[in-house]
1. Beyond 31 Å between alpha-carbons counts as too far, so tell me which of B:Lys52/B:Lys394; A:Lys160/A:Lys396; B:Lys207/B:Lys394 fall in that bin.
2. Peptide A:272-282: average number of partner chain Cβ atoms within 10 Å per residue?
3. Measuring from centroid to centroid over Cα atoms, what is the spacing of segment B:152-185 and segment A:329-396 in Å?
4. What number, rounded to the nearest 500 deg cm²/dmol, is the helix-based mean residue ellipticity at 222 nm of the protein assembly as shown, given -39500 (n - 2.57) per DSSP H run of at least four residues and division by all its residues?
5. Please report the carbon-and-sulfur percent of the accessible area for segment A:48-114; probe 1.4 Å, protein heavy atoms only, DNA, RNA and ligands left out.
6. Would you mind checking B:Lys167/B:Lys360; B:Lys360/B:Lys434; B:Lys30/B:Lys227 for any pair whose Cα atoms are more than 22 angstrom apart?
7. Going through the cross-link list A:Lys218/A:Lys481; B:Lys367/B:Lys526; A:Lys218/A:Lys296; B:Lys168/B:Lys201, which pairs have a Cα-Cα distance over 29 Å in this structure?
8. Roughly how many percent of the accessible protein surface of segment A:278-484 is carbon and sulfur, given a 1.4 Å probe and a whole-percent answer?
Amino acid sequence: MNLSLLSHELLVLALGLGLLLVDLWLPVPAKRKLGYVAAAGVGLILLYSLFCVQLPASSPVQYAFGQMYALDGLALFFKRFFLLAALIVLLMSVEFADRIASGIAEFYALMLFALSGMLFASSANDFALLFVSLELITVTFYVLTSFQRARVTSLEAGVKYLIIGALSTAFTVYGIALVYGISHTLNFGLLSGVAAQYGDNKIFLFGLALVLVGLGFKIAAFPFQIWAPDVYQGAPTPVTAFLAIGSKAAGFALLLRVLFIAVPDITARWSNLLIIISGVSILYGNLCAIPQRNLKRLLGYSSIAHAGYLLLGVAALSAAGRSAVLYYLSGYLFTVLSAFTVICLALRGVEGEDVGGLAGLHRRSPLLAATMTLAMASLAGIPPLAGFFGKFLLLKAVVEQGPTHPGYYCLTFTALAGVVISLYYYFGVVRAMYWPGEAADLSPIVVSKPIRLTLYGCIGGMLYLGLFPNGLLEAANQAVKLLR
Amino acid sequence: MNPDFIPWIILFLPLLAAVVIALFTQHDRKLSAGLSVGAVVAGFVLSLVFIKLNGWAPAHEVSVAWLTIGDLQADFGLHFDPLSLLMMLIVTGVASAIHIYSWGYMSEDRSLPRYFACLSLFTFSMLGIVLANNFLQLFIFWELVGVSSYLLIGFWFERPAAADAGKKAFITNRLGDFGFLLGILTAWAWFGSLNFAEVNKGVADWKGEHWLLTVAGLLIFCGAMGKSAQFPLHVWLPDAMEGPTPVSALIHAATMVAAGVYMLCRVFFIFTPDALTVIAWIGGFTALLSAVIAVQQDDIKRILAYSTLSQLGYMVMAVGLHGPTQAMFHLTTHAFFKALLFLGAGSVILAVHHEQDIWKMGGLRTKMPVTFWTFMVGTLALAGVPPFSGFYSKDGILAQAAQHSLPLFVVGAVVAALTTFYMFRLVFVAFLGKSRSEAAGHAQESPPVMVWPLRILAFFSVVGGLIGIEELYGTQLATEHTEHAVSFGQQLIGPFIHAPLAVGVGLLAVVIGYAAAYALYAKAAKDPLPEKLGALSRAMRNRFYFDELYQATVIRFHDFLAAAADWFDRCVIAGVGVRGTHGTTELAGRALRLLQTGNLQTYAFIFALGVALVLYMVLS
C-alpha cells in the first residue's frame, strides 16, 4: 500500500476538514472569505500536482489498495482538470455567498468533498472504487443542489436529483453485482483479461449495461438526461457550474476507464449503441434548447448536447477520439465556467435567470458581455476558440472511422446539424445582450479582482486552446496511451 | 546619400495627413486644413529636391517584396523615369495650388476636416498610381483613387444629386475596371509577372497570336476608358461636377481623369497597331461628341466638364496615333489651364452665391478683374492661341494626326474650332455685357488665398509650352523622331517650321470659332442657337440622350436581373430554405420540450424506459 499516491485526495480532504474546523472559531462576516482560503488551497494543490507529481518513466501506472486505485497519465490529467475547475468554481462561490442564508463554510467544504470524489473517480480501477467515488460525488451534490433552502426551486431540484440519482444508483449497483456474480472480480485489470470470454453471456452484458446507465446519468446523455434541465435551473449557480463541468468530466473519466480498460473487447461491439446515444443526445439537447428563456435551463440542455459531442470521441473507438474527448473537455471547462461566472454576476436578482436580464450587459460591464459572447461562440464552435478546435478533433476522429461503419457518416452529419441548430440559441443570448428590446437596468456591475483575473484566465484559455492546440493535444495523447 | 527614400516620404505624407485628420483632429478645422495643405506642399518641395538630387534620368526603381502567393510575387515598388517624375511634380504642384485654394473656398463648410482628409487620401492614391512599378499596385491605387473620388463627389451627400453622382461615377468606373482587371490577369497569365519592365520584355518576345495581344491591350484600355471617361463610359464625368469646385478642378480635370491617359503611356508597349487604331478612334469620337455637347450647355461647370471630356479624347487619340509624347504634353498643359479654368469658375460661383447658370451672370469683368484675366488666359490656352501652352501641345497632336490619319486630323480641327467657340461663348456671356441678375451685380473679387493660386496657374498656362516638357517626355516615350529645339526662340516658333499644315489649320479653326462666337454671343441677351438649330440644339442640350439610352437599356436590364434575383432570394432561399428549416426545427424543439413535464413520476418512468432501451440494444 502506498499512501503517497493518494496525495491529491488526502490534501483536498484535509483542506475540507480544516475548513470545517476553522468555521467553528470564525466570526460570521469573515466566513464568506473562507472561499478564498479554499481556492488558494486548491490552487496550491494544483501547483503541487503540476510541479511535484510525475509518473516515473519505468512504471507508467502505479497501483494502491490492491490495484483498486491506479495513478496513470489519464488519472493525472483528470486530477489537474478537476483541481482547476474547483478553483474557478470556489472563486465563483465567494461571489455567490451572499445569496446563501447560512452554512457557507459547509458549502465550501462540501465542494471540496465532491472534488475529492472526482479525484478518486479519475483513478478508479475497480468497480468498488467506481461506485464509492460516484456516490461521494452524487451525495454531496444532493446537498449542494438544495443548499438555498429558502428557495423552493432549489429544494425541488435537490429532491428530483436525489430521487432520479437514487434510481440510477440502484441500477448501477445491481449491474455491478451481476458483473461480479459472473466474472468473480471487480478489478478492471483482471476483468479485461476475462471479459472477452463473457462476450455472449447475457447476464454479464446486462450488468455492464446497467453500469453504463449509471454513468450515462452522470454525464446527462440521452436517454438519462431527463433530470438535467430541472436541476441545472434550480441549483445555486456555482453548483450548476460544478455539476456541468466536474460531475460530467468525472462521468467521462469513469466511462473511459470502464469501456477502454475494463471491457475493451466488448466495447468494440457497441459502436451502434454509442453512435445512437451520441447522435440523439446532440439532437435532443440542441432542439430543446431553442425555446428556452431561462439561461441556466438553456445551458442545461446545451450540456446534454455537449455530452453528445463528447460521446462522439468515445463512439469513434480510437485513440484519436479519446484524446479529442480530453481536449474538448478542457476547452469546455473554460467556456462553461466563464458562462456561469457571468450568469452568477450579471443575473443577480433577476427572477428566473431570464435571458432578457442580460439586456444592455455590454454597457453595465463590457468585460462580462465580452466573456459571455466568447463563451457562447466557443460553445457554438466558432473559430478561433477552443470549442471550434475541440469539435474539429472529435469530428475528425469520427470521420476517420467512417470506412469501418457507415453509421459514423450519419453521426458526423447529425453532429454538424446539431452545431448549426445550436448557433441559433447561442447567438440568441448574444443578441439579448447587445440588442435589447426595451430599456433595461443599466447600473454598472462591479467585478471583483479575483473574478476579473478568473475571467481573463478563461478567455485566455479559450483563445489559447483554439489557436495553439499542440501542447494540450500532446498531453491528451499521452494521457490516453494506456487505453485500448 | 542615395535620395531614393525621398519619394516614399512624398507618397506617404498625404496618407499620414489623412489618417491623422480622420482619427484625431476632426474637431480642429484650422489644424486639419493645415496638416493637409502642409503635407502636399511638403510633397511638392520634396519632389523638386529629389529631382535636383537624382536628375531626370536614368530610369530605375526601388521595391520591397509585399506578398507572395504561389508563384505570384507582388512587390510594392516605386518607378522613377521622366514620365513618373514629371507627373509627380504636376500632381503635387497642381494639388498644392488647389489645396490652398480650397482653404478659402471651403472655409465656411462645416465638414471642412472631412473634406481635407478625403483630399489628402486622393493625393496619396494619385501619387501611388504615378509611381507604381507594377500592375497590381497600379490597380490598387487605381481603385483607391476611385474611392476618394466617390467620397469627394458625394461630399455634400445631403443633396440627393450629389449622392447619386458619386454612385454613378463609382459604378461606371467599376465597369471599366472590370475589363482592366481582366487585362491585368491576362498579362499575368501570359507573362508570369506584373512588373512593367518584365511585361515589356514579355511583349517584345511574344511569339503567340498577334490578336491575343490586341485583346489584352484593349482590356487594359477599358480601365482608361472608365477613369478618363471615354465614350461609352463618359456619362459620369459631367455629373461629377456635383462635388465642390476645387475637387472638380483637381480630380475631374487635372489629375484623376488624366490617370487613364498616363496609364496608357506607361504601358504603351503592350498595344499593338490594331489596338492603337481602336484607341485613336474612340478618343477622336469622344472629343467630337463632347465638344458638340459643350456648345449648348448653360451650367458653367458643365461646359468645362464637357470640355475636359473633349480634351481627354484628344489625349487618348494622340496615344492611339503613336504619340504618347504629345498625349503627355497635352495632359501636362491641360492640367494647368483646366485647373485654372475650374478654379476661376469656382471663384465666380462663390461671388454670385452659388449660381452656376452663365445666363444669370454677365458683366463680371470689371467686378472680378483678376478672376477675369486669369480665366481669359486659361481660355486662350485651351483654345490654342499662340504663344499660350495649349497651342504647342494641341499642335503636336494635330501634327501627329496629319501624319497618320487624315479623317482624325479633320476631327481634330473641327474639335479645335468648337472648343474656341464654346469657350468664347462662355466668356462673352458670363464676363462681358451687363449683369443679368442681382447676385452678379453685387459680385466681388475673391480673397487672396483663392486669387494667388489662379495667378500661379495662369503663369504656367502661358509658359507651359516653352519650358521643355515635350522634350523631357520625348526622351523616354518617343517612338518616332523628335526634334530637339535648342533655343527659346526656336521653341517659340518651332511648330510653324515643323508642321506648317497643322499650325495653319489649327489657327484657322481658332479664328473661325472666335468669329462665330463673337457674331452670336457678343451682344446676345439669350441663346440664339436653339431657334436656329431646333431639334439638334435640343439633342445637344440633352447630351444626345445618352443617360436616357442607358436608362432604357442597361439599367432596365439590370433592374430586371435584380428583381429576378430578389424574387429567388425571398421566395426560394428565404421562404422555402431558411424559413422552412427554421420552422421545422423550432417546432421539433417545442414538441420535445413537452417531454420535460417537471413531474417526478414521469421522469422516473422515462428513465426506466431508457434503461429498457439500452438493455434491448445491448442484448438483442
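The values are calculated or read from the model by the stated rules, or taken from the named source; none is laboratory data. Please read these numbers as outputs of a predicted model, since none were measured by experiment. Methodologically, a virtual Cβ is constructed for each residue, glycine included, from the backbone with ideal geometry; neighbour enumeration extends over all protein chains shown. To get the accessible areas, we keep the full protein, side chains included, count just its heavy atoms, and leave off ligands, DNA and RNA. Shrake-Rupley method; radii C 1.70, N 1.55, O 1.52, S 1.80 Å.
1. Numbers: B:Lys52/B:Lys394 29 Å; A:Lys160/A:Lys396 38 Å; B:Lys207/B:Lys394 37 Å.
Violating the 31 Å Cα-Cα cut-off are A:Lys160/A:Lys396; B:Lys207/B:Lys394.
2. Values: counts 2, 4, 0, 0, 3, 4, 0, 0, 0, 0, 0.
Mean partner-chain Cβ count within 10 Å for A:272-282: 1.
3. Value for the Cα centre distance between the two parts: 43 Å.
4. Values: 51 runs with 792 residues, N = 1104.
It lands at -23500 deg cm²/dmol.
5. Numbers: 1460 of 2370 Å².
After summing per-atom areas, the C and S share lands at 62 percent.
6. Details: B:Lys167/B:Lys360 30 Å; B:Lys360/B:Lys434 10 Å; B:Lys30/B:Lys227 33 Å.
Long pairs (Cα-Cα over 22 Å): B:Lys167/B:Lys360; B:Lys30/B:Lys227.
7. Numbers: A:Lys218/A:Lys481 24 Å; B:Lys367/B:Lys526 22 Å; A:Lys218/A:Lys296 18 Å; B:Lys168/B:Lys201 38 Å.
In this structure, B:Lys168/B:Lys201 lie more than 29 Å apart at Cα.
8. Values: 4960 of 7390 Å².
It is 67 percent, rounded to a whole number.
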